[in-house]
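The values are calculated or read from the model by the stated rules, or taken from the named source; none is laboratory data. Just so it is clear, the structure is predicted and the values come from calculations on it, not from any experiment. As a convention, Cβ positions derive from the backbone with ideal geometry for all residues, glycine included, and neighbour counts pool all protein chains shown. Protein only, heavy atoms only, side chains kept; ligands, DNA and RNA dropped before computing areas. Shrake-Rupley method; radii C 1.70, N 1.55, O 1.52, S 1.80 Å.
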Amino acid sequence: MSVVSGVLLAGIALPAAGGVGLAAKDTAEGFDEVPDDFKTPPLTQATQIFDAKGGLIAKVYERDRTVITADQMSPFMRHAQVDIEDARFYEHGAVDLKGVLRAISKNAESGTTAQGASTLTQQYVKNVNVEQAGDDRDAVLEAQRKTLGRKIQELKVAIKLEEDLPKDQILTNYLNITYYGNGAYGVEAASRRYFGKSNKDLTVAEAAMLAGLVQNPSQYDPKLHPQAAQNRRDTVIDKMVENKHITADQAKEAKAAPLGLNYQAPQNGCITAQAGMGFFCDYVRHVVKQDPAFGKSADERKKVWNTGGLNIHTTLDPDKQAAAQNAATSNVRVTDSVSAAVSMVEPGTGKILAMAQTRPYGLDSNKNQTVVNLNVDSAMGGGNGFQPGSTFKPVVAAAALEAGLSATQEYSSPNKLEYPTMKTCEGTWKNEARPRTVVPNESANEKGPYQLKEAMALSVNTYFVQMEQEIGLCAVKQMANKLGITTRASGKPLEEVPAMALGVEEMSPLTMANVYATFAAQGTHCTPIAINKITTVDGKDVPVPAGHCEQAFSESTARALNTVLNGVTENNGTGAALNLEDNRQIAGKTGTSDHKKAAWFNGYTPQLATAVWLGGPDGGVEMRDITINGKHRTEVFGADGPGPIWRDAMDQALKGTPKQSLPMADIPDPAPRPNPTGTGATTAPPATTPPAQQH
């Protein structure tokens, strides 16, 4: 009977079914190939991404759907859909033989295939096939092919379903999978799309309109064809009366009602995020698609993201995000030739608290929009990074202190220095260029000897090259690795070259913020994390990437670094102008790359580490003779470009939080030096150019 019914159904849809060339043997094999388990297919649903306080960042989906249970649906909706699609649904099995015969008669009379006889269960099976085809166009077309073999396969599954599931559950599944037009899949998404309310709150008229859409969502689109939608709605209402699911009075009232649309345009993807959160939203997407916690293979992880149905609770602090975004956009205009990016990380946890940049998230280049996240590495949706300049020098200092050098280590630090021979992990680096490569200090009067505290405050290039020579390039590379710098932002390996100390290898702001968070956390390095928790829409927990923390260097080294980097922001240090408005203790480092193509300020308190980069988005803008935020600059340095952005962001982000002190070390200042005039008098350490002229 099943086979015969399948053939009859195929004959209704395809009058020339005899010409499809399918033998009985093919039909039998088709039965064997059909999977049995259509009871609970994994339906594509919308995923919601929340900030750390529960605010919605964005809703993302391949298909906008929210799966709900029968008791969350309007009874009117359930009755309306059955009445218009398959009024005898609760009376027949997987195939409605009366419906088949009726359709054959009607089609014979008209000479067309105007009337079909697929039951609601069979329609559900077809929808599951289409759903499983996903975005594979060929697979979708195959799932929709009207062939004898396809009809028999669908019927076989429908028969199995009716054996295993009660009718009410089949109806619930159908209402969750069906397409209602305008990007809405399932009755809950459709209710919110057209009426701005949950399905359980629909009126008779509203439920009838939705039920009428299923036959042809385009033809009955209430936005484009309101009269056709209303006529179809009224037909559904008549069916509901005919099947005694509403009274004549209810029907009269429902027909008298206007369509009453409260259309909610689809809000899909990170592009809908507000307050500059689109880039962080995109970063979360990359995490799900790349972290093994979400699947062993790239295909498995892609399926997790595309299937959706997740509530992703992230680490993003909306208040700190607002602070970072306000600071970036108030100091750099979206129309400027340069851009700024701000990353905030919580010391001791690795939680990413903010991720902001001046150029908005989007695809319209005429509005200076971009989807390139300038805060992160290329693999996570960013570019190839930017030279961090002198903000890398503390990494060299950490390696030296861990190697046993004193916090008062002194070097001759000449004004210029040929790069000396240095040991690497694999051998030796030699300055074989002709003429030999020379590293200069920033200004002509910058010459030693200097000790670490003073050399860091003034950012003396030759000092750190000499320090690098003493400990070897391998020690610097190994310390960088411990701090999370395992490659350049582009993914290319780190190169063991002396210029490493001067920050010539491109990094992302998030990477540098996490390095400085390690300094703030007394040497505890934590991998950056963006996700606190994930649950499915039915409340089940989903494993998330675990935060991993370990001691990168000793607490004594951390105390020395705190002291040295605090000195950068005091007295004659390059960041002396960046004190916070509540005068809380800070530590940090300025940095400017070659040709002024990137400027940085990275700094921290015990509670918060922030890295700020300023430069051309593609790294090609020399910040000399340039206008930024309406102000002309002769040239830009770390202290006067990104520095004020950092200060503004930190002031707002830390407002109202307790002041905390950094653990410090007792590092004596260098002794006064002999007066170069030879008079026997002594002088303080060499004066420097003003902080704004430092790098």
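Restricting the first residue to the stretch 374-394 and requiring it to be part of a loop (DSSP other than H, G, I, E, B), which pairs with a second residue that is at pLDDT below 95 and surrounded by 24 or more Cβ atoms within 10 Å (Cβ to Cβ) meet a Cβ separation below 7 Å and a spacing of at least six or different chains?
From residues that are part of a loop (DSSP other than H, G, I, E, B), the pairs are Gln387/Ser593.
So which of Tyr450, Tyr419 ends up being within 22 Å of Gly588 (Cα to Cα), among the hydroxyl-bearing types (Ser, Thr, Tyr) and either at pLDDT below 95 or surrounded by 12 or more Cβ atoms within 10 Å (Cβ to Cβ) (or both)?
Criteria check complete, one pass: Tyr450.
Where the second residue is β-branched (Val, Ile, Thr) and surrounded by fewer than 24 Cβ atoms within 10 Å (Cβ to Cβ) and the first is farther than 15 Å from Ser343 by Cα and lies in the stretch 636-650, which pairs have Cβ atoms under 8 Å and are six or more apart or on separate chains?
The qualifying pairs are Val636/Ile626; Val636/Ile628; Gly641/Ile628.
Kindly indicate the residue of the stretch 529-540 that is in a loop (DSSP other than H, G, I, E, B) and at pLDDT below 95 and also surrounded by the most Cβ atoms within 10 Å (Cβ to Cβ) among those meeting that condition.
It comes out as Val537.
Quick check on my filter: what residues within the stretch 623-675 are over 25 Å from Lys393 (Cβ atoms) and either in contact with a Phe, Trp or Tyr (Cβ under 8 Å, 6 or more places away or on another chain) or of a type in the set (Ser, Thr, Tyr) (or both)?
Selection gives Thr627, Thr657.
Report whether or not Leu175 is hydrophobic (A, V, I, L, M, F, W, C), within 23 Å of Tyr61 (Cβ to Cβ) and either open to solvent by 10 Å² or more (accessible area, probe 1.4 Å) or within 37 Å of the chain's Cα centre (by Cα) (or both).
Considered against the rule, which asks whether it is hydrophobic (A, V, I, L, M, F, W, C), within 23 Å of Tyr61 (Cβ to Cβ) and either open to solvent by 10 Å² or more (accessible area, probe 1.4 Å) or within 37 Å of the chain's Cα centre (by Cα) (or both), Leu175 comes out as yes.
When the stretch 112-138 is examined, which residues are found to be open to solvent by 70 Å² or more (accessible area, probe 1.4 Å) and either at pLDDT below 55 or in contact with a Phe, Trp or Tyr (Cβ under 8 Å, 6 or more places away or on another chain) (or both)?
Ala114 - this is the single residue of the stretch 112-138 that is open to solvent by 70 Å² or more (accessible area, probe 1.4 Å) and either at pLDDT below 55 or in contact with a Phe, Trp or Tyr (Cβ under 8 Å, 6 or more places away or on another chain) (or both).
Condition check: buried (at least 22 other Cβ atoms within 10 Å of the Cβ), part of a helix (DSSP H, G or I) and within 25 Å of the chain's Cα centre (by Cα). Does Asn481 satisfy that?
No, not satisfied.
What number of residues within the stretch 354-373 satisfy the criterion of being closer than 19 Å to Ile57 by Cα and either polar (S, T, N, Q) or open to solvent by less than 10 Å² (accessible area, probe 1.4 Å) (or both)?
9
Find the residue count for the stretch 541-591, including only residues that are closer than 25 Å to Cys526 by Cα, crowded, with 24+ Cβ neighbours inside 10 Å and without any contact (Cβ under 8 Å) to a residue 60 or more places away in the chain.
0
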